[in-house]
Amino acid sequence: MSEGAQGLGGIRIIEAGGGVAASLAGRLLADLGATVVKLEPSGGDPVRQRGPFAGDGPAGERSGLFTVLNAGKRSLVADLHSAAGRDLLDGLVPHADLLIHSCPPKDLARCGLAWERLSALNPALVVLAVSPFGHTGPYRDFVAADLNLIHAGGWGWLCPGPGTDPSLPPIKPFGQHAWVQSALHGAVAALGALFAARATGQGEHIDLSAQEAVLTVTGRNFISTSYGGQIDGRLSPRAYAPNGFFPCRDGYLYLVCIEEEQWQRLVELMGAPAWASEQRFATKDIRGQHEAELNVHLREWIGTWAVEELFKACQERRICACPVYRSGQLAGQEHLKAREFPHLLEQPGLGKLRVPGPPYRLLHSWWEPRGAAPRLGEAQALGARALGNGAAGKGPAGNGAPANGPLGHGALGSDRAALAPVSPANGGQGVARPAATTAGNGHGNPPRPLTGVKVLDFTWVWAGPHCTRLLSDLGADVVKVESAARLDLLRRGGVWARELEPGVNRRGTFNQLGQGKRSLQLSLIQPEGLALARRLAEQADVVVSNFGTGVMERFGLGAEALLKLKPELIVCAISGFGQTGPYRHYMGYGQAAVPLSGISALTGYRPGEPQEVHIAYGDPVSGVFGALGIAAALVARQRHGGSQEVGGGQRNGGGQFIDVSLWEALVWTSLEAWMPAALPEHPRDNPPLAPMGNRDPWWAPHNCYRCAGEDAWVSIAVTEEAQWPALCAALGQPALAEDARFRTAPDRKAHEDALDALIGAWTRGLERWEVTRRLQAAGVGAFPSLNAQELADDPHLAARGYFGLAPHPEVGVRAHLGVPWRMTRRPSGACGPAPLLGQHTDEVLRDWLGADAAQLAAWRAAGVLT
């Protein structure tokens with residue numbers, strides 16, 4: 001198959017800086033066909049030194065984590081602090097489409113990675129710059145490990161969840177989730193910018209903050225503060241029950257009943273015991289108030305079952321339950337195997353590794369690891385030719401884009417609101433304004449990257465709406481199809497503006513996820529309504545849904561039907577277990593996917609009972625993977641002119657079907673939890689994986705320490721040897737650096753209890769921000785564990801214009817979570833408030849279908865627009 005014949009083939013990417021975020025972003029795009037050249041310092045990407053390890057020989061060539069993050073790439077040694085390294089970079093940049101780096105802001109000029117310089121070398125280049133706190137704002141030069149970022153973004157404050165001992169610190173979920181979310185959201189933004197750059201010849205600089213990536217996925221917990229004045233945390237009571245982990249004969253089961261009918265089906269499965277009819281268990285809210293008593297009964301009954309048997313018995317009755325899988329169990333699960341998720345990767349020196357397979361299933365499958373992870377500098381002889389021969393064909397003259405408009409999709413309808421420029425006056429957020437300026441933002445800058453792309457949105461609750469919210473933030477015209485007869489659960493429930501009466505337009509989480517979208521009321525239970533939906537799909541570029549498997553097919557709007565209707569359409573379906581496999585009809589909520597992924601079994605203070613992570617993490621994760629698949633499909637369709645080779649010489653119409661499973665998406669976010677299943681052996685130099693609070697399997701100190709004040713904590717992480725003597729000096733104990741117990745990271749791990757006691761004695765007498773300032777001045781990762789109110793008041797986030805502050809017609813100006821990137825040339829953040837129910841019905845039908853007043857009146861009289 002020729003280069004560029006499918007997927008992202010022909011897209012050329014430079015990856016500089018290493019670490020989990022840059023490496024994962026590059027890997028996700030390499031698997032779709034892009035050529036990725038990794039620039040490494042002479043000692044290699046630091047991830048090479050992080051286990052778990054397999055085989056024999058130097059650690060740098062046998063890291064399982066490095067292998068998984070870097071499969072299919074090429075490696076060049078380039079010290080960007082040297083003239084030779086910068087010369088090599090300069091030879092690559094003119095031929096690249098995208099550059100991903102994790103260079104600290106203060107080192108950009110010294111490493112030749114300043115945006116102005118790169119843009120001069122290649123005006124069409126897209127640069128994704130990932131850093132802990134972004135390139136602007138008071139914390140721009142702070143250093144941070146994943147631990148610090150989890151607490152800086154508010155997730156640590158929530159974790160592990162209700163029932164926590166208040167004497168114990170807030171903790172991080174197991175894994176490197178701050179960096180993973182940076183990679184995922186950054187890759188979506190980069191593909192969006194690449195889509196625009198290839199059409200216009202004008203590149204982009206994307207400033208991605210890992211702190212904001214964490215905050216972006218905390219969801220409703222922030223809204224509880226901005227709308228309800230309530231601060232959620234690990235000590236908060238549970239809102240409803242049953243909801244939690246229960247021991248079976250041979251493991252743990254997670255069980256949750258969100259809807260009342262699920263509880264009734266559970267009661268029936270239990271044989272309708274008399275206690276279940278007592279008033280104290282009458283509703284989910286009342287059950288939440290009597291959770292301890294309820295759980296006594298449930299534990300007695302659940303304890304008689306084998307976990308897999310009860311999992312299937314519940315799911316067959318549409319009760320949301322799932323096993324808590326340990327990391328070593330994942331690769332053997334029948335559903336994952338049926339979906340061909342475990343993937344064999346041949347790595348020289350390590351043998352065959354069982355690594356995670358595609359994070360989404362593609363009808364026209366472009367996903368495939370393009371080879372083993374590279375040995376350090378193995379492409380050195382190629383030099384600047386490692387990206388391939390010739391330029392990448394950027395710009396309108398060489399991108400193969402269709403001729404019907406600058407982005408290949410035609411103009412938006414005349415009533416589609418354009419975007420205000422990013423400016424201090426509006427807090428960095430775009431707001432709706434007249435459509436006359438859709439060609440730009442009024443200051444000579446280009447419009448948002450996906451301007452002109454039409455998205456028909458059949459999603460609800462969180463997973464799908466997070467996906468379409470990201471597309472809206474990138475400029476797509478997202479039309480949410482709604483019906484008053486079956487409202488989005490987020491319009492019906494959740495926190496509302498506390499000084500107002502509840503209403504369908506006043507629910508905080510809906511208004512957060514709905515920013516920048518348009519609302520169309522349409523009855524899908526009427527034949528004429530379905531006919532209208534199909535006509536709208538014919539006008540769309542993308543259709544997204546996240547109902548249970550089979551629902552869209554029953555409407556006649558499944559992927560097969562839609563792609564027959566319009567072969568160039570991109571269709572995305574998000575569900576708990578995916579559209580195929582033995583569990584495809586099982587229920588899957590965002591919080592229920594966490595135990596399936598191995599995260600719950602490894603999160604907590606000590607080995608034993610699994611712990612929650614306090615957010616429905618599967619929802620935003622599957623949403624961002626959906627957005628990533630859609631953005632990649634848009635770039636692929638644009639590059640290949642609406643027809644792509646799919647194997648055997650056959651070609652499709654440029655469309656794609658993206659099948660996203662919450663379970664599989666979450667496995668990708670916790671690659672370290674998968675590692676025991678991946679490696680052919682578990683050598684002695686790998687520590688066993690078990691819950692360890694804020695500690696790390698390899699680094700020490702790495703913990704959250706109590707400070708002066710009530711429930712006040714600061715995270716501290718030493719992840720480089722040079723940071724250890726700096727920490728000792730900041731503690732006023734420089735001689736501690738030479739203490740035989742603590743000289744190296746393995747020494748410190750072996751004496752971690754004593755080390756934590758020493759540091760904790762120092763922090764206990766200090767205010768947490770004072771600890772942070774002292775250690776950051778010394779170059780040591782430190783940051784307080786913040787709650788939602790502290791984040792809402794944070795000067796750094798305010799300076800970066802993170803929060804969406806567009807005024808809403810019914811609730812006024814409320815702080816909503818934004819997106820974690822800032823673009824230099826194009827507007828960023830939400831392009832307006834969430835819509836009122838049906839607010840844009842007439843407008844959309846005029847824009848997309850050319851409907852006139854008489855037709856609109858007829859549809860309304862027939863009850864179609866309800």
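The values are calculated or read from the model by the stated rules, or taken from the named source; none is laboratory data. On a predicted model such as this, the values are computed, not experimentally measured, just so you know. With ideal geometry, Cβ positions are generated from the backbone for all residues, glycine too; neighbour counts draw on all protein chains shown. These area figures cover heavy atoms from the full protein model, side chains too; ligands, DNA and RNA do not enter into them. Shrake-Rupley method; radii C 1.70, N 1.55, O 1.52, S 1.80 Å.
Filter region 470-506 down to the residues that are within 27 Å of the chain's Cα centre (by Cα) and without any contact (Cβ under 8 Å) to a residue 60 or more places away in the chain, then identify the one that is surrounded by the fewest Cβ atoms within 10 Å (Cβ to Cβ).
Looking at the filtered set, the residue picked out is 492.
Could you say which residue among 768, 774 is charged (D, E, K, R), closer than 30 Å to residue 161 by Cβ and in contact (Cβ under 8 Å) with a residue 40 or more places away in the chain?
768 is the lone residue from the list that is charged (D, E, K, R), closer than 30 Å to residue 161 by Cβ and in contact (Cβ under 8 Å) with a residue 40 or more places away in the chain.
Within region 481-540, considering only helices (runs of 4 or more DSSP H) that don't extend past its boundaries, which have at least 1 residues that are farther than 25 Å from residue 557 by Cβ?
508-513
Here are some residues: 238, 265, 249. Which one is of a type in the set (Lys, Arg) and within 26 Å of the chain's Cα centre (by Cα)?
Of the residues listed, the single one that is of a type in the set (Lys, Arg) and within 26 Å of the chain's Cα centre (by Cα) is 238.
Could you count how many residues in region 561-577 are touching a residue at least 40 places away in the same chain (Cβ under 8 Å) and not in a loop (DSSP other than H, G, I, E, B)?
7
Residue by residue, here is whether (1) open to solvent by less than 10 Å² (accessible area, probe 1.4 Å); (2) at positive phi holds:
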{"site": "524", "(1), (2)": "no, no"}
{"site": "533", "(1), (2)": "yes, no"}
{"site": "536", "(1), (2)": "yes, no"}
{"site": "541", "(1), (2)": "no, no"}
{"site": "550", "(1), (2)": "no, yes"}
{"site": "567", "(1), (2)": "no, no"}
{"site": "583", "(1), (2)": "yes, no"}
{"site": "588", "(1), (2)": "no, no"}
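Considering (1) of a type outside the set (S, T, N, Q); (2) in a helix (DSSP H, G or I); (3) crowded, with 18+ Cβ neighbours inside 10 Å, say which one residue 760 fails and leave the rest.
(3)
To keep it simple, each residue is scored yes or no on (1) under 23 Å from the mean Cα position of the chain (by Cα); (2) closer than 20 Å to residue 670 by Cβ; (3) surrounded by 15 or more Cβ atoms within 10 Å (Cβ to Cβ).
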position	(1), (2), (3)
298	no, no, yes
301	no, no, yes
304	no, no, no
324	yes, yes, yes
330	yes, yes, yes
333	no, yes, yes
338	no, no, no
341	yes, yes, yes
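Is it the case, given these coordinates, that residue 340 is of a type in the set (D, E, K, R), closer than 30 Å to residue 60 by Cβ and not in a helix (DSSP H, G or I)?
In short, no.
Which one of these is among the β-branched types (Val, Ile, Thr) and either at pLDDT 95 or above or within 20 Å of residue 365 (Cα to Cα) (or both): 630, 615?
630
Within region 29-63, how many residues turn out to be part of a helix (DSSP H, G or I) and either modelled with pLDDT under 90 or within 30 Å of residue 656 (Cα to Cα) (or both)?
Within region 29-63, residues that are part of a helix (DSSP H, G or I) and either modelled with pLDDT under 90 or within 30 Å of residue 656 (Cα to Cα) (or both) number 5.
Since residue 62 meets every condition but one in (1) in contact with a Leu (Cβ under 7 Å, 6 or more places away or on another chain); (2) open to solvent by less than 10 Å² (accessible area, probe 1.4 Å); (3) not acidic (Asp, Glu), which condition does it not meet?
The failed condition is (2).
Can you name the condition, by its number, that residue 138 falls short on among (1) in a loop (DSSP other than H, G, I, E, B); (2) crowded, with 20+ Cβ neighbours inside 10 Å; (3) of a type outside the set (D, E, K, R)?
Residue 138 satisfies all of (1) in a loop (DSSP other than H, G, I, E, B); (2) crowded, with 20+ Cβ neighbours inside 10 Å; (3) of a type outside the set (D, E, K, R) except (2).
Does region 69-86 include one or more residues that are charged (D, E, K, R), in contact with a helix residue (DSSP H, G or I) (Cβ under 9 Å, 6 or more places away or on another chain) and assigned to a helix (DSSP H, G or I)?
no
Could you tell me whether region 811-818 includes any residue that is modelled with pLDDT under 95, touching a Gly at 6+ places or on another chain (Cβ under 8 Å) and charged (D, E, K, R)?
Checked region 811-818: at least one residue is modelled with pLDDT under 95, touching a Gly at 6+ places or on another chain (Cβ under 8 Å) and charged (D, E, K, R).
Just wondering, is there one or more residues in region 427-442 that are surrounded by 24 or more Cβ atoms within 10 Å (Cβ to Cβ), closer than 27 Å to residue 219 by Cβ, at pLDDT 95 or above and in contact with a Ser or Thr (Cβ under 9 Å, 6 or more places away or on another chain)?
No, region 427-442 contains no residue that is surrounded by 24 or more Cβ atoms within 10 Å (Cβ to Cβ), closer than 27 Å to residue 219 by Cβ, at pLDDT 95 or above and in contact with a Ser or Thr (Cβ under 9 Å, 6 or more places away or on another chain).
For residues that are polar (S, T, N, Q) and in a loop (DSSP other than H, G, I, E, B), tally how many sit in region 262-300.
Here the count works out to 1.
Please tell me if residue 363 is surrounded by fewer than 18 Cβ atoms within 10 Å (Cβ to Cβ) and touching a strand residue (DSSP E or B) at 6+ places or on another chain (Cβ under 9 Å).
Yes.
Just one of (1) surrounded by 14 or more Cβ atoms within 10 Å (Cβ to Cβ); (2) not in a helix (DSSP H, G or I); (3) not hydroxyl-bearing (Ser, Thr, Tyr) trips up residue 346, so point out which.
So the condition that residue 346 fails would be (1).
If you take the residues of region 75-110 that are within 9 Å of residue 39 (Cβ to Cβ) and aliphatic (A, V, I, L, M), which of them is most open to solvent (accessible area, probe 1.4 Å)?
77
Given the conditions (1) under 20 Å from residue 160 (Cβ atoms); (2) open to solvent by 30 Å² or more (accessible area, probe 1.4 Å), which single one is not true for residue 286?
Looking at each condition in turn, residue 286 falls short on (1).
List pairs: first in region 713-735 and farther than 11 Å from residue 780 by Cα, second of a type in the set (Val, Ile, Thr), Cβ under 7 Å, 6+ apart or cross-chain?
714/763; 714/771; 714/772
Restricting the search to region 688-697, which residues are in contact (Cβ under 8 Å) with a residue 60 or more places away in the chain and surrounded by fewer than 16 Cβ atoms within 10 Å (Cβ to Cβ)?
690
Take the residues of region 590-611 that are open to solvent by less than 10 Å² (accessible area, probe 1.4 Å) and among the hydroxyl-bearing types (Ser, Thr, Tyr): which is nearest to residue 665 (Cα to Cα)?
597
With the requirement that a residue be open to solvent by 10 Å² or more (accessible area, probe 1.4 Å), over 14 Å from residue 73 (Cβ atoms) and out of contact with any Phe, Trp or Tyr (no Cβ under 9 Å at 6 or more places or on another chain), what does region 11-57 give you?
41, 42, 43, 46, 52, 53, 55, 56, 57, listed by residue number.
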